[in-house]
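To start, the structure itself, in structure tokens.
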Amino acid sequence: MDETKDAKRKPARRGFAAMDPERRREIARRGGASVPSEKRSFAQNRDLAANAGRKGGAASRGGGRRPSAG
């Protein structure tokens with residue numbers, strides 16, 4: 001078998017990658033519209049969203065600032 005031919009081969013497109021772009025947009029549109037606006041707490045309360053982001057950043061391994069071990 002020819003090695004250069006195998007190296008140039010692209011992986012098979014599956015799932016969303018294989019879908020028509022318009023179909024992907026339609027699915028994404030439905031997902032965003034599935035939650036009623038009164039349940040979107042982050043969209044209504046900017047401070048709540050900011051605090052959640054800080055909390056997640058602090059909990060992640062690479063996030064947040066750490067004091068130098070000087």
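Give me the one-decimal nm value for the distance between modelled label points at Arg24 and Asn51, 7 Å along each residue's Cα-to-Cβ direction.
Result for the modelled spin labels: 3.7 nm.
Within the set of other residues whose C-beta is less than 15 Å from the C-beta of Glu22, count the net charge using Lys and Arg as +1 and Asp and Glu as -1.
Here the charged neighbours net out to +3.
If you take the beta carbon distance between Lys8 and Ser60 as r and set R0 to 25 Å, what does 1/(1 + (r/R0)^6) give as a FRET efficiency, to the nearest 0.05?
Values: r = 37 Å, r/R0 = 1.48.
Efficiency computed from Cβ-Cβ geometry: 0.10.
Computed from the coordinates by the stated procedures, all read-outs in this text should not be read as laboratory data. A quick note: this is a predicted structure, and the numbers were derived from the prediction, not measured. When we count neighbours, we look across all protein chains shown, and the Cβ atoms used for this are built from the backbone with ideal geometry, even at glycine.
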